[in-house]
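K.L.:
What follows is a structure written as structure tokens; I'll ask about it next.
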Amino acid sequence: MGQQKTRKIKGLKGCLKRMAFFCVKKNQKQMADYLVKEVENKRWIWFKKANTYLQLEEEAFLVFDKIQKSTILPIEWCAKKFNISVEEASESVNAINEITTEELTREPQERNKLAEGIRAETVFFSRYTYSFQASNFEFCYGDAKIETMFHPLFAHLQNTEKIENPIVLKIFVSQNAYHLFVNENGIGSWAFNEDHILKGQVFMTLLNYAYAKKENDWLGVLHASAIGDDKNSVLFLGDSGNGKSTASAIALASGLSLIADDFVPIDTNAKVLTFPAAISVKKQALEFLSIRFPELLKAKEYELKAMNKTVRYLAPSFIKNSPRKIKALVFIQFTKDVDFELRKMDRHKAFQYLVVDAWLSPEEKNARFFLDWIAKIPIYSLRYSDNQKMVFAVKSLISQ
């Protein structure tokens, strides 16, 4: 899975103080190397080669556009256009040129390759078979730590029957790194501090086989939680610790369906599909949620030291496994001193969050669709401490 990157360049005079002089000739070929989406008073730009996104203020975009159409840097034009000194114009033009040239020429991030000389293990700490959609997956875990990464998320999918020809994922440690093989094919190797990338690749493998898709058949995967009914959904977004998973569990207890938690796959029609991982329930939410889900009291507790939290896992229940239309994006946060507050959110701020904290398709047609979609979909911030008001608002958004 790739990693998105975005930068925001503000107005000209305040634009990045430390820049060297660049004079890069442009040609017409480069004009096809990016897409531009005008949203209110800003421009969102997607750079094809690197699959990265950039947000520019109106003035900065005018300079960027002039640079792309000129053979020399438009410093004098900038000084006259914005009524600033030649020195200020030079500083701003060079700042914009440096960053945009970097994005236009940046090589795409390479997928982690399998380390040289690594062969698939034959002896494993544990093996489990999981069934999802019409596919069966045999996960072979090299040690207890790797098992803890994945098995609690998929234990509710376990199939104890003998399965012929499952899709086999082997995840193990060798030479101080994680390694992944799928059906005896080496997929990649990751350092111990890249376990989140390993998890993303494992999840993507499960998705592609379950839905008979390739990576570029997806619009993207968002770090979010998706809840809804059998036709529509709302996505919860926000920083880790804001309560996305807890809010999802509360919504689940109120009759809604969990579609995906923490890893939300979106197809090329901007509809969310089911990802079957369990919800992680933090210790501070256990007392409240165990009233509705008493099985949590008997669930095994896991201490996630790297994330500094203790969790138990709640198996999701799906009312219908079909694509759901996304009705709104909700940046949610549990706040003790706020009863309930739902507001429209700044779209540009939401855009920056999304493109940094997601995997998005590198295909041009998908990038164009994503820019159009994110420019129109309703986006809200929701702070709450009253669970009933939160659920009522979410149900209203889903049904509107």
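The values are calculated or read from the model by the stated rules, or taken from the named source; none is laboratory data. This one's a predicted model, so the numbers in the text were calculated from it and none came from an experiment. Here Cβ is always computed from backbone atoms with ideal geometry, including for glycine, and neighbour counts include all displayed protein chains.
K.L.:
Determine which single condition Val234 fails, assuming it passes every other condition in (1) in the same structural domain as Ile377 (by TED's automatic domain parsing); (2) modelled with pLDDT under 95.
P.N.:
Only one criterion is unmet by Val234, namely (2).
K.L.:
Still on this structure: Consider region 317-346. How many of its residues are part of a strand (DSSP E or B), basic (Lys, Arg) and under 30 Å from Ala210 (Cα atoms)?
P.N.:
Of region 317-346, the ones part of a strand (DSSP E or B) are 324-334, 340-344.
Narrowing further to those that are basic (Lys, Arg): 324-325, 327, 343-344.
Applying the additional criterion that residues be under 30 Å from Ala210 (Cα atoms) yields 324-325, 327.
Here the count works out to 3.
K.L.:
Looking at Thr310, Thr274, Thr335, which is the one that is within 22 Å of Ile146 (Cα to Cα) and either surrounded by fewer than 16 Cβ atoms within 10 Å (Cβ to Cβ) or not assigned by TED's automatic domain parsing to the domain that holds Thr148 (or both)?
P.N.:
When all the criteria are applied, what remains is Thr310.
For every residue, the table says whether it meets (1) crowded, with 19+ Cβ neighbours inside 10 Å; (2) out of contact with any Leu (no Cβ under 7 Å at 6 or more places or on another chain).
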| residue | (1), (2) |
| --- | --- |
| Phe125 | no, yes |
| Lys145 | no, yes |
| Phe181 | yes, yes |
| Gly186 | no, no |
| Lys199 | yes, yes |
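K.L.:
Next up: Quick one: which helices (runs of 4 or more DSSP H) sit completely within region 56-112 and have at least 3 residues that are of a type in the set (Lys, Arg)? Show your work before the answer.
P.N.:
Working: elements: 58-68, 75-82, 86-105.
It comes to none.
K.L.:
When you check Phe150 against the structure, is it at pLDDT 95 or above, under 30 Å from Tyr313 (Cα atoms) and within 23 Å of the chain's Cα centre (by Cα), yes or no?
P.N.:
For Phe150, the condition - at pLDDT 95 or above, under 30 Å from Tyr313 (Cα atoms) and within 23 Å of the chain's Cα centre (by Cα) - is met.
K.L.:
A further question on this structure: Checking the structure you have, find out if any residue of region 156-176 is modelled with pLDDT under 90, outside the structural domain of Ser317 (by TED's automatic domain parsing) and among the charged types (D, E, K, R).
P.N.:
yes
K.L.:
Now a separate question. State which residue pairs qualify: first residue of a type in the set (Lys, Arg) and inside region 327-351, second residue in a loop (DSSP other than H, G, I, E, B) in any location, beta carbons under 6 Å apart, and separation of 6 or more residues or different chains.
P.N.:
Taking only residues 6 or more apart or on different chains, the pairs are Lys336/Ser385.
K.L.:
Sticking with this one: Any idea which of Phe181, Phe124 is over 26 Å from Glu295 (Cβ atoms), at pLDDT 95 or above and assigned to a strand (DSSP E or B)?
P.N.:
Matching residue, one of Phe181, Phe124: Phe181.
K.L.:
Given Lys349, Lys365, which one is in a helix (DSSP H, G or I), outside the structural domain of Trp44 (by TED's automatic domain parsing) and under 17 Å from the mean Cα position of the chain (by Cα)?
P.N.:
Lys349
K.L.:
Which one of the conditions (1) buried (at least 19 other Cβ atoms within 10 Å of the Cβ); (2) outside the structural domain of Asp261 (by TED's automatic domain parsing) does Ser225 fail to meet, given that it meets all the rest?
P.N.:
The single condition Ser225 does not satisfy is (2).
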